[in-house]
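One structure is given here, and the rest of the page talks about it.
The values are calculated or read from the model by the stated rules, or taken from the named source; none is laboratory data. This is a predicted model, so every value here is computed, not measured. Here the Cβ positions follow ideal geometry from the backbone for every residue, glycine too, while neighbour counts run over all protein chains shown. Calculation scope for accessible area: heavy atoms of the full protein, side chains included, ligands and nucleic acids excluded. Shrake-Rupley method; radii C 1.70, N 1.55, O 1.52, S 1.80 Å.
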Amino acid sequence: MKKIIYFVSLLAAVQLTAQETPRQSGHADNNKFSQMYGEMATPNMFRTASGAPGLAYYQQQADYKMDIELDDENTKLYGKETITYHNNAPEALEYLWLQLDQNVRASDSKSPLISNQRVDDAYTAKGFSRKFLEEGFDGGFKIDYVHDAAGNAMDYTINQTMMRIDLPTPLKSGEKVTFSIKWWYNINNYHVVGGRSGYEHFDENNNNLYVIAQFYPRMAVYNDVEGWQNMQFWGGGEFALPFGDFEVNITVPADHIMEATGELTNRADILTSAQLKRYKKATKSFDKPVVIVTQKEAEKAEKNHSTKKKTWKFNAKNVRDFGFSTSRKFMYDAMAVKLATKTVMAISLYPKESNPLWEDNSTRVVAHTLKTYSKYTFDYPYPKAVSVSAESQGMEYPMICWNYGRPDKDGFVSDRLKYGMMSVIIHEVGHNFFPMIVNSDERQWTWMDEGLNTFLQYLTEQEFQENYPSRRGPAAKIVPYMSGDQRFIDPIMTNSESLHHFGSNAYAKPATGLNILRETVMGKELFDHAFKTYANRWKFKHPTPEDFFRTMEDASAVDLDWFWRGWFYTTNYVDIGIVDVKQYYVSPKKPKEIKGEGADLVTRGRRGKREDNERYVYMVPEKKASNSQKKELNLGKVKELKKYLKATFSKVERAALKEPKYFYEVTFNKPGDMLMPIIVGLEFEDGTKEMHKFPAQIWRMNNEMASRVFATGKKVKRIVVDPELKTADIDVNNNVWPAEAAKSKFDQFKD
């Protein structure tokens with residue numbers, strides 16, 4: 001009976017205790033430092049956990065032989081291509097998918113139907129006519145035939161901007177298939193119709209300047225991640241393409257000057273003897289461009305309009321696409337660029353309307369871009385990089401790109417125009433690296449080419465000229481976007497067609513994130529090594545976001561899952577502030593406020609066993625310190641401390657010890673949900689400054705509060721969080737102590 005009574009009493013006691021301190025319910029793992037096993041694809045034989053290609057990694061190959069003719073008088077393009085498609089996948093393919101991107105401008109295109117419309121308050125007569133009266137431009141592909149290698153018709157189906165070719169028998173692994181397509185289309189005036197390619201018309205002498213791309217049916221990517229990448233082209237998300245070899249013959253009026261993807265194999269048949277001599281000189285000119293086609297020669301061609309034709313022949317190895325530009329208005333200059341392992345050519349084409357801006361700057365900027373990008377990734381592997389002056393354009397293809405920027409009619413060039421033109425050249429030439437070589441899927445992940453490229457563009461701009469006015473890159477420049485209306489802000493990991501702010505989301509935010517990683521989180525040496533590792537692992541291959549994320553960690557030994565999750569997968573923003581600052585003074589005597597002698601009392605709960613002969617140095621809060629305690633104190637004269645130091649260190653070692661006189665406990669909060677290191681600037685009364693940085697892991701036990709103690713030899717006048725604006729903190733009003741110092745909170749840290 002006693003046992004039963006005892007048990008009941010014990011049960012009652014337990015129940016009473018439970019009532020007094022109720023048990024909290026369980027919760028999921030909400031730690032922001034948790035690994036991203038749920039967000040990222042599982043590693044496999046194709047793509048490893050390290051971020052490198054796996055032993056079973058494969059990619060398809062598509063080789064092209066093309067004959068293209070430009071009808072300048074009627075602005076039409078005619079083409080015939082033979083494609084040899086190599087199936088390197090482990091499975092057989094029943095059909096092939098090709099991209100017909102010109103169909104975005106077909107008369108029955110659905111692309112215009114996905115945009116919302118409203119009635120404007122007023123229209124120009126021209127604008128009203130185009131919107132409500134005129135028939136739309138028909139720029140879609142007109143397919144004449146699709147034939148197999150024997151000339152027999154093949155079954156195909158066109159679904160908007162995609163075409164499926166049905167194979168009579170499945171294409172087995174390791175096999176290849178050859179087929180031919182003949183087509184034509186109306187070339188768009190991109191100033192009127194819009195578009196990433198087309199022509200620009202000059203009323204003077206009735207001339208056109210062509211920048212031609214997406215001009216041929218192109219193989220879509222088939223890979224281990226999603227099979228066929230056959231998303232429709234709606235106009236925003238760009239292109240996903242396999243690598244291959246190209247042989248392209250392009251017939252144009254005989255007085256045209258042209259550049260294109262690949263090496264020109266019949267230069268002697270195209271250029272005059274004088275121009276050939278100038279080109280040869282350019283191949284040995286490393287300090288300045290050589291003008292190969294002069295303005296005088298271009299102006300003569302503009303007026304004459306030859307009725308004859310010439311065929312330019314280009315050969316390109318291991319490229320994912322092909323583009324060309326042609327006009328009788330073009331001047332042409334070039335110079336050689338010495339890289340670590342090879343020499344390549346930097347080239348520019350431009351009409352007289354672009355001078356003197358282009359002749360003075362374009363090719364030099366191309367050369368600088370190739371050198372800088374090569375330094376951070378790999379030596380540029382192609383034989384040339386070409387910059388073409390095409391007003392209102394900014395678009396890239398292997399070895400060639402079109403870029404805006406021309407003086408006004410009076411020849412005036414503002415700094416804004418000059419730097420804008422140079423920046424777009426850097427950006428578009430830089431795209432040779434991302435995504436033309438490191439071949440990410442632009443149709444799905446715009447940031448993987450635009451964001452990475454914008455980051456390298458920033459580094460290139462800053463190395464080109466001190467204080468270059470870069471638009472994107474520094475952390476502070478992304479704050480207006482990240483502090484904006486959350487209804488119109490998307491995670492970076494959003495499909496290209498669904499972005500509210502395309503430029504901020506796909507270009508600026510990922511570039512800024514990489515810059516923060518490099519300058520604030522990882523450090524330049526670790527970041528640069530990891531970034532270069534990624535570039536070299538995935539050059540001439542098809543990486544995914546996970547391959548990038550994993551490689552950056554694998555090559556640096558820095559855990560970045562918290563950063564990828566917050567910066568790329570959410571719209572969380574950075575906001576770190578100072579909640580409280582407490583100053584303490586040293587006292588060799590125990591204050592009355594401290595009861596007992598245990599170490600747990602004077603070290604705020606830290607467990608430890610007090611030794612019999614141990615004595616304490618007490619820390620007294622400023623509000624409770626006496627005037628005598630507030631006087632500058634020589635720690636060496638504190639009896640107990642002096643005894644400890646003398647017993648522990650030699651005279652030489654004691655002389656090297658610090659001598660702090662002031663002690664500050666600073667408590668930080670984090671109203672923003674994005675993790676970030678805490679950067680703290682201390683300004684002392686004598687005007688000197690001191691910087692401290694604490695890793696993001698300082699938040700690992702408490703996502704809302706963190707505290708640090710600063711022991712200084714001088715009195716602190718001001719404390720500032722992120723004084724150099726390195727973390728994209730959206731609200732700096734809570735970054736300063738004391739609050740009245742807020743007006744000049746950051747100026748003192750910018751020398």
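Keeping to the stretch 469-489, report how many residues are touching a helix residue (DSSP H, G or I) at 6+ places or on another chain (Cβ under 6 Å) and either touching a residue at least 60 places away in the same chain (Cβ under 8 Å) or buried (at least 16 other Cβ atoms within 10 Å of the Cβ) (or both).
Matching residues across the stretch 469-489 total 6.
Considering the stretch 131-146 alone, what residues qualify as being more than 30 Å from V119 (Cβ to Cβ) and either in contact with an Asp or Glu (Cβ under 8 Å, 6 or more places away or on another chain) or buried (at least 16 other Cβ atoms within 10 Å of the Cβ) (or both)? Outline the logic, then answer.
Keep residues of the stretch 131-146 that are more than 30 Å from V119 (Cβ to Cβ), which gives 141-146.
F141, I143, V146 - these are the residues of the stretch 131-146 that are more than 30 Å from V119 (Cβ to Cβ) and either in contact with an Asp or Glu (Cβ under 8 Å, 6 or more places away or on another chain) or buried (at least 16 other Cβ atoms within 10 Å of the Cβ) (or both).
With the structure loaded, tell me whether A655 is of a type in the set (G, A, S), open to solvent by 70 Å² or more (accessible area, probe 1.4 Å) and either modelled with pLDDT of 95 or more or part of a helix (DSSP H, G or I) (or both) or whether it fails that test.
yes
In the stretch 531-588, what residues are under 25 Å from F434 (Cα atoms) and of a type in the set (V, I, T)?
The answer is T533, T544, T551, V558, T570, T571.
Let me spell it out: the conditions are (1) outside any loop (DSSP other than H, G, I, E, B); (2) of a type outside the set (D, E, K, R); (3) farther than 28 Å from S111 by Cβ, and S285 meets all of them except one. Which number is the exception?
Of the numbered conditions (1) outside any loop (DSSP other than H, G, I, E, B); (2) of a type outside the set (D, E, K, R); (3) farther than 28 Å from S111 by Cβ, the odd one out for S285 is (1).
Out of the stretch 235-258, which residues are open to solvent by 10 Å² or more (accessible area, probe 1.4 Å) and at pLDDT below 95?
Of everything in the stretch 235-258, those that are open to solvent by 10 Å² or more (accessible area, probe 1.4 Å) and at pLDDT below 95 turn out to be G235, G236, E238.
Report whether or not A728 is modelled with pLDDT under 95 and either over 22 Å from Y585 (Cα atoms) or buried (at least 21 other Cβ atoms within 10 Å of the Cβ) (or both). It would help to see each step written out before you state the result.
Details: modelled with pLDDT under 95: no; either over 22 Å from Y585 (Cα atoms) or buried (at least 21 other Cβ atoms within 10 Å of the Cβ) (or both): yes.
Answer is no for this residue.
State which residue pairs qualify: first residue closer than 21 Å to F563 by Cβ and inside the stretch 673-700, second residue open to solvent by 10 Å² or more (accessible area, probe 1.4 Å) and charged (D, E, K, R) in any location, beta carbons under 7 Å apart, and separation of 6 or more residues or different chains.
Final answer for the pair search is L675/K32; P677/K693; I679/K693; I679/K726; F694/R708; W699/K670.
Given (1) under 21 Å from Y380 (Cβ atoms); (2) open to solvent by 40 Å² or more (accessible area, probe 1.4 Å), identify the lone condition not met by S498.
For S498, the failing item is (1).
Within the stretch 285-295, is even one residue more than 30 Å from H542 (Cβ to Cβ), among the aliphatic types (A, V, I, L, M) and open to solvent by 30 Å² or more (accessible area, probe 1.4 Å)?
As a first pass, look at the stretch 285-295 and keep what is more than 30 Å from H542 (Cβ to Cβ): 285-295.
So of that shortlist, the ones also among the aliphatic types (A, V, I, L, M) come out as 290-293.
After this cut, where a residue has to be open to solvent by 30 Å² or more (accessible area, probe 1.4 Å) as well, the list is 291.
Yes.
Would you mention how many residues in the stretch 308-326 are within 23 Å of Y380 (Cα to Cα), part of a strand (DSSP E or B), open to solvent by less than 10 Å² (accessible area, probe 1.4 Å) and not aromatic (F, W, Y)?
3
Looking at the structure I just gave you, is P112 modelled with pLDDT of 85 or more, out of contact with any helix residue (DSSP H, G or I) (no Cβ under 6 Å at 6 or more places or on another chain) and loosely packed, with under 13 Cβ neighbours inside 10 Å?
In short, no.
Only residues in the stretch 538-559 that are closer than 19 Å to M45 by Cβ count as the first member; pair them with residues that are open to solvent by 50 Å² or more (accessible area, probe 1.4 Å) and in a helix (DSSP H, G or I), Cβ under 8 angstrom, at least 6 apart or cross-chain, and list the lot.
From the stretch 538-559, the pairs are P543/R537; D547/R537; T551/R537.
Being at positive phi, aliphatic (A, V, I, L, M), modelled with pLDDT of 95 or more and surrounded by 22 or more Cβ atoms within 10 Å (Cβ to Cβ): is that true of M436 here? Give the steps one after another, and end with the answer.
Values: at positive phi: no; aliphatic (A, V, I, L, M): yes; modelled with pLDDT of 95 or more: yes; surrounded by 22 or more Cβ atoms within 10 Å (Cβ to Cβ): yes.
For M436, the condition - at positive phi, aliphatic (A, V, I, L, M), modelled with pLDDT of 95 or more and surrounded by 22 or more Cβ atoms within 10 Å (Cβ to Cβ) - is not met.
Inspect the stretch 631-642 for any residue being modelled with pLDDT of 85 or more and loosely packed, with under 13 Cβ neighbours inside 10 Å and give the result as yes or no.
no
Give all pairs with beta carbons closer than 9 Å in which a residue from the stretch 183-208 that is at positive phi meets a residue that is part of a strand (DSSP E or B) and β-branched (V, I, T); count only pairs at least 6 apart in sequence or on separate chains.
Partner pairs satisfying both residue conditions: G198/V211; G198/I212.
Looking at the structure I just gave you, is P677 at negative phi, modelled with pLDDT of 95 or more and surrounded by 16 or more Cβ atoms within 10 Å (Cβ to Cβ)?
Here the answer is yes, as P677 does meet what is asked.
Considering the stretch 21-47 alone, what residues qualify as being touching a residue at least 40 places away in the same chain (Cβ under 8 Å) and acidic (D, E)?
Residue satisfying the conditions is E39 alone.
Hey, G687 hits all of (1) modelled with pLDDT under 95; (2) surrounded by 13 or more Cβ atoms within 10 Å (Cβ to Cβ); (3) of a type outside the set (D, E); (4) farther than 23 Å from P474 by Cβ but one; which does it fall short on?
The single condition G687 does not satisfy is (2).
Between a first residue in the stretch 365-384 that is aliphatic (A, V, I, L, M) and a second residue that is open to solvent by less than 20 Å² (accessible area, probe 1.4 Å) and part of a loop (DSSP other than H, G, I, E, B), which pairs have beta carbons less than 9 Å apart while being 6 or more apart in sequence or on different chains?
Cβ pairs passing all conditions: L370/L339; L370/Y380; L370/N432.
Taking the condition open to solvent by less than 50 Å² (accessible area, probe 1.4 Å) and touching a Gly at 6+ places or on another chain (Cβ under 6 Å), does T261 pass?
On the way: open to solvent by less than 50 Å² (accessible area, probe 1.4 Å): yes; touching a Gly at 6+ places or on another chain (Cβ under 6 Å): yes.
Criteria met by T261.
Answer yes or no: is there a residue in the stretch 700-713 that is in a strand (DSSP E or B), open to solvent by 50 Å² or more (accessible area, probe 1.4 Å) and at pLDDT below 95.
We begin by selecting, within the stretch 700-713, every residue in a strand (DSSP E or B); these are 705-712.
Those left that are additionally open to solvent by 50 Å² or more (accessible area, probe 1.4 Å): 705, 707-709, 711.
Filter once more, keeping what is at pLDDT below 95: 711.
Among the residues of the stretch 700-713, at least one is in a strand (DSSP E or B), open to solvent by 50 Å² or more (accessible area, probe 1.4 Å) and at pLDDT below 95, which makes the answer yes.
When you scan the stretch 350-363, do you find a residue that is of a type in the set (A, V, I, L, M), in contact (Cβ under 8 Å) with a residue 12 or more places away in the chain and surrounded by 22 or more Cβ atoms within 10 Å (Cβ to Cβ), even just one?
Scanning the stretch 350-363 turns up no residue that is of a type in the set (A, V, I, L, M), in contact (Cβ under 8 Å) with a residue 12 or more places away in the chain and surrounded by 22 or more Cβ atoms within 10 Å (Cβ to Cβ).
Could you give every pair whose Cβ atoms fall below 8 Å, whose first residue belongs to the stretch 570-582 and is within 30 Å of V620 (Cα to Cα), and whose second residue is among the basic types (K, R) and open to solvent by 40 Å² or more (accessible area, probe 1.4 Å), counting only separations of at least 6 or pairs across chains?
Filtered contacts from the stretch 570-582: no entries.
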